[in-house]
Amino acid sequence: MFKKVSGTVNFPSLEEEILQFWKANRIFEKSLAMREGSPSFVFYEGPPTANGLPHIGHVLARSYKDVIPRYKTMQGYYVPRKAGWDTHGLPVELEVEKELGLSSKRQIEEYGVERFNERCRESVFRYEAEWRRLTERIAFWLDLDNPYITFKDEYIESVWWILRQIWEKGLIYQDYKVVPYCPRCETPLSSHEVALGYQTVKDPSVYVRMRVKGQPDTSFLVWTTTPWTLPSNVALAVHPDVTYALVQQGEEKLILAKDLLGEALTGPFHILEERKGQDLVGWEYEPLFTFFQPDKKGWYVLPADFVTTTEGTGIVHLAPAYGAEDMEMGRRYDLPFFHPVDPAGRFSEEVPPWKGLFVKDADPKIIEDLRRRGLLYRAETYEHTYPFCWRCDTPLLYYAKSTWFIAMTKVKDRLLAANETINWIPEHIKEGRFGEWLRNVVDWALSRDRYWGTPLPIWICASCGHRHCVGSIRELKEMAIRMPEHFELHRPYVDEVVLRCPRCGGEMRRVPEVIDVWFDSGAMPVAQWHYPFENVEEFQKTFPADYICEGIDQTRGWFYSLLAISVLLFDQTCYRNCISLELVLDAQGQKMSKSKGNVIDPWSILNVQGADALRWYFFTASPPGIPKRLSPEAVTDVLRRFLLTLWNVYVFFVTYAVVDGFVPTGDAPPVAKRPLLDRWLLSRLHLLVQEVTEDMDRYDVTSAGRAIERFVDDLSNWYVRRGRRRYWKSENDQDKLAAYYTLYEALVTLAKLLAPFIPFTSEALYQNLVRSVDPLSPESVHLTDFPKADPTMINRDLLEVMESTRHLVSLGRAARNRAGLKVRQPLQRAVVLTKDARLLQEPELLALISDELNVKEVKIVEDLTPFVRYEIRPRFDILGPKYAGRLPEVIAALRATDPLAVTHALTHEGRVILETREGPVTLFPDEVEVRIEGREGYVAESEGGDVVVLQTQLTPDLIEEGMARELVHQIQQLRKEAGFEVADRIRLFYQGDGRVDEVIRKHFGYIAQETLAVEIREGVEGAEVTKRLDVDGYEVLVGVARIT
RNA sequence: GGGCCCUUAGCUCAGGUGGUGAGAGCGCACCCCUGAUAAGGGUGAGGUCCGUGGUUCGAGUCCACGAGGGCCCA
């Protein structure tokens, strides 16, 4: 027997109970064990860093990460879900620095790298408990007890192995390169890290005079937004094909691109001369500063294609130490090189006036200096986007720096080929954002001049300079001359390992760098198994992944590092399907941020609306690639519209099943023998199962969810509404049994369909609907198989004809509304014209229409002429292709003809011939649409070939019937006001004017039946409650008394 | 400056391959129902489909240009 369920449900507390149930009965573990040996479906968890709190965006990602594995498990796959933690890198070091009050690398080294790294190791699991609490609360099933952890020696050893493979392919190299560099962290950043930190800022925008040598009144006008690079200027670049102008302005002459005269110059000027950039090449100019003595020729004009005339002056200043293009020009033309900035971003003693000053802070002083010396033409501020350190928010500098690289440009084609094999959701990511990124791939700046990270396993011989990349701990030990007592694969311990040079026998020492933390996470397909040192089979079985899912910000992060490493190692992708999620925004569409104060705490929703409501919102509000605007109201809306509707149907079913003692353990009536409404619902249900399966197989979670929403709406607002009386009638007949079984099957199937999406509510339904009556059934809905659609149950005819019926009902209601005739007032007749001839075959549908519209009879006719007038409209979709350019003419002819005649001809002859200037044209019935208006005494509504005409005339009998229904309605209200139970029998009293009395006497039986009155008496003596009622303008005093 | 995405009702979103009174839910107004009831249903009002050109007999849909927003890259 089912447990009675309350209509008022508190989802959060329901969810807490179910969490207890899952935990106590180890349901997650069982869901895995059950599928062991079945085909695998591989999911990779992108590792978060647990030194920060999880936010609402993580809830979105974790919901999406969860729904697919749950679905696949129910489809029969074995889906292990190993958790992972990203534990290295700058974010961690930064937290620790803050705690310890350190602010530079020097201070870290004074504090001690050993102690510092120990603190890092401790800090990375600071919020692990909070991550676990949230992960569990939102029902993200993940094996949190056996995670991969990137700081473990086993993990690092695998990473070393990977690096060794890449090294052997000759793809790791060291070079001076201008790299984005964080002066606070004192380390270069990789391009994908740079991509994480662009901000809009105001920088200086200065126009500087560089005086042409020997012509003190003539200057090149040069524009820059980084004045601090000017002391390092060694050359100028112009585009050889651009036209430059020499202009006179006051006493001086200026040279700049002709196209930029208007923007760059202030005040009046006139052009003296024009020439191509090519002609300026070789011109020399006076250095702005004289801080260093060049060893090579500098300060002259060079040609370069990268010069543009979109902003500035068309003349670019070159400082090889501070720009990638500058560096390349410096190499090509052998320019002097001047790099007077220290690792912390401060001017060195080579620039005495600003020594020790952070370069950006020196900008105003440099501008002032130029102004004083008359070299400044203009200085303003300029708003643009500029990269900042993604963790510490310091503006990055572009620096020439010795760095280790992986030559990604050499495998670009392989990256692109691998990308072709990935199914991206949304699809445009493949060729769009990700494809663009890969097409513009640059070499991976791998090394970091930091402490807490995977050490770069490269040792260099002090004697012969030989370099060796170590690929395992064993190899390290074999080659070691000296090992520290305590040993692990971190600094400072590895730094103390000295190796014997295999070439000359000399001593090899490790390079000081650690590697980019993104390499760690990208290595997880291999390193999570400590492959190839262990678990060879596990690795092979779980490579590549079938499914990964993260935020779109990981396009250049984890999505890239995963693909990069797997292409470098195996020349293929390591993930086949990838859902890339857009951001969660606030209700106004603004990005959530602490500074704006618009951050939504996940718990504020989980504790009020619950996890299922939030999950459902995330799945259905918009597709994964479209940003989600989140607000508590929006989640409440989902709760009411979907979850509560579902819950109400469930409560309805259980309530009556308990009253009737229904248990679904006997023989269900054969579907073919069930009433039409049941067969319709089952068709609808199996079609739904089919749709949801197809959608989920395509990873289209949103469409699947929306399809279920539509079904639940139909279930509640059509099937249950239409079928209510079948459950509460007193006979226990076949019809009632069919009703119970059908609704039961629908609810149980829904519980399973919904299990991946809303694991809690579906579990609650399942436990009561299935487990309570069948002890042999699986212990949890999550241990069941996903429903399979039975195509033989899908009767498309029936689905369509029900649609027609509902459409006719809707038209009839619209007609009633327009005529001002409430549904309680019975009408004699509805006349229906429909193209759907199948309707005639189904008396149950006609009965349904008459019931919904409260009419005595529904008459289906082929000719509406007695009831309506016509208007003819052309069907452009059919006539368009047929007549093309002649269409306007045909339409004119149609409009010029009498509609009734056209209708008549179409109905009786099957066509109508119209006269046009170019001769006769024949139209057929399906080429026009007939619009309709009711004649006197009728009201009509029509749409798409369906017409419903209501006869509006009321007879005295109809009016009395209407009054009887009105009376019943009001008596029911009175029963409720009197506090009676729905099943209480009553004695009914009345006393009124003759009109109502008459109605009561006439409709005695009907009124008694509807109000559960066993007796109706004139006079109110003995009534518990009385009330004066107004029934369509007639007064009556009514009383009720409960019979005990 | 470039790339990708977005712009449809007050709000959140649907609108394969172009077909002519543009849809849903929420909100609003009016009405209905009342044995799922601190629920439910119906009807209606509400839209320059971001703009401008173009292709076409016909454009929310295709093309071009432009505007605004978001993300990303220079």
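The values are calculated or read from the model by the stated rules, or taken from the named source; none is laboratory data. Just so it is clear, the model here is predicted, and its values are computed rather than measured. Backbone-built Cβ (ideal geometry, glycine too); neighbour counts: all protein chains shown.
Sub-6 Å Cβ pairs linking a first residue in the range A:819-832 that is touching a residue at least 60 places away in the same chain (Cβ under 8 Å) to a second residue that is within 8 Å of RNA strand B (Cβ to nearest atom) and of a type in the set (Lys, Arg), at least 6 apart or interchain, are A:Arg824/A:Arg965, ordered by first then second residue. Here A:Glu936 clears all of (1) surrounded by 14 or more Cβ atoms within 10 Å (Cβ to Cβ); (2) more than 11 Å from RNA strand B (Cβ to nearest atom); (3) not in a helix (DSSP H, G or I) except the condition numbered (1).
Among the residues of the range A:823-857, the ones that are under 21 Å from A:Glu933 (Cβ atoms) and of a type in the set (S, T, N, Q) come to 2 in all. For the range A:707-779, the helices (runs of 4 or more DSSP H) that sit wholly inside it and include 1 or more residues that are surrounded by fewer than 17 Cβ atoms within 10 Å (Cβ to Cβ) are A:721-728, A:734-754. Scanning for something crowded, with 21+ Cβ neighbours inside 10 Å and either within 11 Å of RNA strand B (Cβ to nearest atom) or of a type outside the set (Phe, Trp, Tyr) (or both), does the range A:660-668 turn up at least one residue? Among the residues of the range A:660-668, not one is crowded, with 21+ Cβ neighbours inside 10 Å and either within 11 Å of RNA strand B (Cβ to nearest atom) or of a type outside the set (Phe, Trp, Tyr) (or both), which makes the answer no. Within the range A:873-897, the set of residues being among the hydrophobic types (A, V, I, L, M, F, W, C) and either within 18 Å of A:Gly934 (Cβ to Cβ) or in contact with a strand residue (DSSP E or B) (Cβ under 7 Å, 6 or more places away or on another chain) (or both) comprises A:Val890, A:Ile891, A:Ala893, A:Leu894.
So which residues in the range A:50-93 are farther than 24 Å from A:Pro627 by Cβ and charged (D, E, K, R)? Scanning the range A:50-93 gives A:Arg70, A:Lys72, A:Arg81, A:Lys82, A:Asp86, A:Glu93. Applying the criterion of being within 9 Å of RNA strand B (Cβ to nearest atom) and of a type in the set (D, E, K, R) to the residues of the range A:965-984, the residue that is modelled with the lowest pLDDT is A:Lys976.
Would you check which residues across the range A:159-191 are basic (Lys, Arg) and either closer than 14 Å to A:Asp516 by Cβ or out of contact with any Pro (no Cβ under 9 Å at 6 or more places or on another chain) (or both) and list them?
The answer is A:Lys169, A:Arg184.
Here are some residues: A:Val823, A:Val858. Which one is of a type in the set (A, V, I, L, M), in contact with a strand residue (DSSP E or B) (Cβ under 9 Å, 6 or more places away or on another chain) and under 30 Å from A:Leu967 (Cβ atoms)?
Values: A:Val823 fails: in contact with a strand residue (DSSP E or B) (Cβ under 9 Å, 6 or more places away or on another chain).
Only one candidate qualifies: A:Val858.
Among the residues of the range A:759-804, those identified as in contact (Cβ under 8 Å) with a residue 40 or more places away in the chain, under 27 Å from A:Val654 (Cα atoms) and out of contact with any Ser or Thr (no Cβ under 9 Å at 6 or more places or on another chain) are A:Pro759, A:Phe760, A:Thr761, A:Ala764, A:Leu765, A:Asn768, A:Leu769, A:Ser772, A:Glu779, A:Asp785, A:Asp790. Checking A:Arg467 against (1) basic (Lys, Arg); (2) over 22 Å from A:Trp518 (Cβ atoms); (3) under 34 Å from the mean Cα position of the chain (by Cα): exactly one of these is not met. Which one? For A:Arg467, the failing item is (3). Please determine, by comparing only the residues of the range A:670-699 that are touching a residue at least 40 places away in the same chain (Cβ under 8 Å) and surrounded by fewer than 19 Cβ atoms within 10 Å (Cβ to Cβ), which one is farthest from A:Glu803 (Cα to Cα). Selected residue: A:Thr693. Entry remark, the range A:609-633: residues being near RNA strand B (Cβ under 7 Å from one of its atoms), within 24 Å of A:Glu136 (Cβ to Cβ) and outside any loop (DSSP other than H, G, I, E, B) number 1 in total. Restricting attention to the range A:572-604, the residues that are within 24 Å of A:Glu427 (Cβ to Cβ) and either modelled with pLDDT of 80 or more or part of a loop (DSSP other than H, G, I, E, B) (or both) add up to 14. Does A:Tyr870 qualify as being within 14 Å of RNA strand B (Cβ to nearest atom), assigned to a helix (DSSP H, G or I), in contact with a strand residue (DSSP E or B) (Cβ under 9 Å, 6 or more places away or on another chain) and of a type in the set (Ser, Thr, Tyr)? No, not satisfied. Hey, can you tell me all the residues within the range A:444-470 that are surrounded by 19 or more Cβ atoms within 10 Å (Cβ to Cβ) and assigned to a loop (DSSP other than H, G, I, E, B)? Selection gives A:Leu446, A:Arg450, A:Tyr451, A:Trp452, A:Gly453, A:Thr454, A:Leu456, A:Pro457, A:Val470. Between A:Arg126, A:Arg121, which is basic (Lys, Arg), modelled with pLDDT under 95 and either in contact with a His (Cβ under 9 Å, 6 or more places away or on another chain) or within 16 Å of RNA strand B (Cβ to nearest atom) (or both)? None of the others qualify; the one that does is A:Arg121. Listed conditions (1) polar (S, T, N, Q); (2) part of a helix (DSSP H, G or I); (3) surrounded by 19 or more Cβ atoms within 10 Å (Cβ to Cβ) are all met by A:Thr87, apart from (2). So is A:Leu864 within 21 Å of A:Tyr938 (Cβ to Cβ) and modelled with pLDDT of 75 or more or not? Yes. Once the range A:292-309 is narrowed to residues that are more than 16 Å from RNA strand B (Cβ to nearest atom), of a type in the set (A, V, I, L, M, F, W, C) and more than 9 Å from A:Leu335 (Cβ to Cβ), the residue that is modelled with the lowest pLDDT is A:Phe292.
Only one of the numbered conditions (1) under 30 Å from A:Val868 (Cβ atoms); (2) surrounded by 15 or more Cβ atoms within 10 Å (Cβ to Cβ); (3) within 16 Å of RNA strand B (Cβ to nearest atom); (4) modelled with pLDDT of 80 or more is violated by A:Gln951, and that is (3). Scanning the range A:725-751 for residues that are touching a residue at least 40 places away in the same chain (Cβ under 8 Å) and near RNA strand B (Cβ under 9 Å from one of its atoms) yields A:Tyr727, A:Trp728.
Of the residues screened, A:Leu808 is one that is within 16 Å of RNA strand B (Cβ to nearest atom) and either hydroxyl-bearing (Ser, Thr, Tyr) or out of contact with any Lys or Arg (no Cβ under 8 Å at 6 or more places or on another chain) (or both). A count restricted to the range A:885-925 and to residues that are in a strand (DSSP E or B), within 15 Å of RNA strand B (Cβ to nearest atom) and under 13 Å from A:Ile872 (Cβ atoms) stands at 1.
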